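Student: If you scroll down you'll find the structure; I have some questions about it.
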Ligand code: FAD
């Protein structure tokens, strides 16, 4: 099936919108009667919504899943073009991510992972292009340069951040942590700039921007410390957790397992292609209205609508001031992720940074396609932002400029997350002060509406793991209210 989402370009076909994905659900509607009252309505079929839907249907509750798109997965989905999975959004997972790993074990997918990097072949080097120079170095030198900059960056306490965030799943455990949420990444880079070589600085800044895809000024230093803590306070941990292990068949092979399990309970109704326009909570029931005028009611509603688009839905009674303010501020991630299939087989072992002049700044060899081409994945951010489909020649040039002479582009594949009306951005990354002022408000319920999203998870916030954490939390909350646990009795 082909989704409306995503774009691909080849010299032969030109630019085309819509790419195939096993995450597209057909038929798009399965509903007994539109006037039924459900136990729970879940809005959004990303990992938070899929987890909540599955857990609630397994508990025997009647659930209606309402999704704006034609597919499941939200910000994590893969397109299988020519039998090769291009990851359009969320990709990498790790066994150190507790919620995601629980699900990988549940679906027996432990052996379905593969490594992105393969440093055994061809052009086996790192290419660092800055405004001043181009350096070619080994991957070991690449590690040393980035580790040196990163360790200086995070070492605010002489303990590599361990004293500031001793519990990664409780980032504000130490009150002083709030001080670092006042700071931007730029503030911290300025503090250590005199101790960095030009290559260390370019490498560090491009890595920070790869994490936040904002600008150095709009990136919360505390959130970077939080990522560092989650990754075990080490450079190696960051590489392993953030960018190394992915599903051989693509993210949609994982997401579909949640959906199929929910469906098998017989308790699931769903409507895709149905953007929600308003949600009203009258105390005894919640009524949802879609843009095309359909109304559905439930005893509870789980909203997984992302932070950056929450203000596109009207709530009655209106959302509280602090949540509304947080929604209007939003997160800062405007990642531009572009896949390129290139003819050079040797580039499989290449990695590169082109910063700050290029429209894409970070690239790695990520696989070999069935036709024998190398798959390169490139990232850009808001610091040098493009809408890839608006000028495909500029996008192609940005890929070519990552490694001039070595990028003979045969295909481009991407999803424009910035223009996507159901996300308006990529993974959550906080600007300074948003977390310390608004995290609790973003997580709070609103009458019979429970909010669940990776955007306000506690642990791996902004990751697939965080979405599953939140879907689990929402399901537990709702289940606890609609199905109070039986009082344990002793027969002794
Ligand atoms: P979403 O997936 O956004 O789900 C919300 C759902 O709500 C969507 O399906 C949306 O269509 C729907 N919706 C929105 N508005 C409405 C409406 N009005 N009516 C009905 N439905 C609506 N994470 C990792 O762990 N590893 C990675 O490598 C990684 N890389 C990433 C790369 C990119 C480019 C992107 C975009 C994300 C990446 N992430 C990664 C982050 C991860 O994808 C997200 O954190 C996670 O998928 C979010 O899940 P969610 O369910 O909270 O939100």
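Read-outs throughout are calculated quantities, based only on the coordinates presented, and are distinct from any laboratory measurement. All figures in this text were calculated on a predicted structure; none of them were measured in a lab. No Cβ is skipped: glycine too gets one built from the backbone with ideal geometry, and neighbour counts run over all protein chains shown.
Student: Could you tell me the calculated FRET efficiency between residue 134 and residue 108, based on Cβ-Cβ distance and R0 = 41 angstrom, to the nearest 0.05? Write out the running numbers ahead of the final one.
Tutor: Numbers: r = 46 Å, r/R0 = 1.12.
Computed FRET efficiency for residue 134 and residue 108: 0.35.
Student: Tell me whether the stretch 59-194 comes out rounded, prolate or oblate; compute the Cα gyration tensor, take square roots of the eigenvalues as a ≥ b ≥ c, and use a/c under 1.5 as the rounded threshold. Mind showing how you got there, number by number?
Tutor: Details: a/c = 2.10, a/b = 1.24, b/c = 1.69.
Since a/c reaches 1.5 but b/c is at least a/b, the shape of the stretch 59-194 is classed as oblate.
Student: Multiply the residue separation of residue 292 and residue 328 by 0.36 nm, subtract the distance between their alpha-carbon atoms, and state the gained length in nm to one decimal.
Tutor: On the way: separation 36, 0.36 × 36 = 12.96 nm, distance 2.53 nm.
Fully extending the segment from residue 292 to residue 328 adds 10.4 nm.
Student: Considering only DSSP beta bridges with both partners in the chain, what is the antiparallel share in %, to the nearest 5? Kindly include the intermediate steps, with their values, before the conclusion.
Tutor: Details: 55 of 79 bridges.
Here the share of antiparallel DSSP bridges comes out near 70 percent.
Student: Restricting to the stretch 43-162, what percent of DSSP beta bridges are antiparallel, rounded to 5?
Tutor: Numbers: 8 of 9 bridges.
Antiparallel bridges: around 90 percent, rounded to the nearest 5.
Student: Output the Kirkwood hydrodynamic radius of the chain, Cα pairs only, in Å rounded to one decimal. Let's see the in-between values first.
Tutor: Details: mean 1/r = 0.0431 Å⁻¹.
It works out to 23.2 Å.
Student: Can you pull the Kirkwood radius for the stretch 398-492, inverse mean 1/r over Cα pairs, to one decimal in Å? Intermediate results must be reported in sequence, preceding the final value.
Tutor: Details: mean 1/r = 0.0579 Å⁻¹.
After inverting the pairwise mean of 1/r, the radius is 17.3 Å.
Student: Using the alpha-carbon atoms, what tilt in degrees (0 to 90, nearest 10) does helix 251-264 show relative to the longest principal axis of the chain?
Tutor: Its long axis makes an angle of about 10 degrees.
Student: Tell me whether the stretch 1-109 comes out rounded, prolate or oblate; compute the Cα gyration tensor, take square roots of the eigenvalues as a ≥ b ≥ c, and use a/c under 1.5 as the rounded threshold.
Tutor: Values: a/c = 2.89, a/b = 1.35, b/c = 2.13.
Note, shape of the stretch 1-109 comes out oblate.
Student: Turning to a different aspect of this structure: I need 207, 221 ordered by Cβ neighbour count within 10 Å, fewest first.
Tutor: Numbers: 207 21, 221 25.
If I rank by nearby Cβ atoms, fewest first, I get 207, 221.
Student: If each residue of separation counts as 0.36 nm, what is the full-extension length gain between residue 32 and residue 120 once their alpha-carbon separation is subtracted? Walk me through the numbers on the way to the answer.
Tutor: Numbers: separation 88, 0.36 × 88 = 31.68 nm, distance 5.50 nm.
Using 0.36 nm per residue and subtracting the Cα-Cα distance, I get 26.2 nm.
Student: Quote to one decimal, in nm, the extra length available between residue 345 and residue 282 on full extension: 0.36 nm per residue of separation minus the C-alpha distance between them.
Tutor: Values: separation 63, 0.36 × 63 = 22.68 nm, distance 6.08 nm.
Computed gain between residue 345 and residue 282 is 16.6 nm.
Student: Give the Rg/Rh ratio for the stretch 243-285, taking Rg as the radius of gyration of the Cα atoms and Rh as the Kirkwood radius, to two decimals. Can you show the working numbers first?
Tutor: Values: Rg = 16.4 Å, Rh = 14.0 Å.
We get a ratio of 1.17 for the stretch 243-285.
Student: Quick one: if you stick a label point 7 Å off each Cα along the C-beta vector at residue 101 and residue 273, how many nm between them?
Tutor: In this crude label model, residue 101 to residue 273 measures out at 4.2 nm.
Student: Here's another thing I want to ask about it. Less than 18 Å from a label point 7 Å out along the Cα-to-Cβ axis of residue 419: which backbone N atoms in the stretch 387-402 qualify, by residue?
Tutor: Within reach of a label on residue 419, which here means backbone N under 18 Å from a point 7 Å along Cα→Cβ, the stretch 387-402 contributes 387-399.
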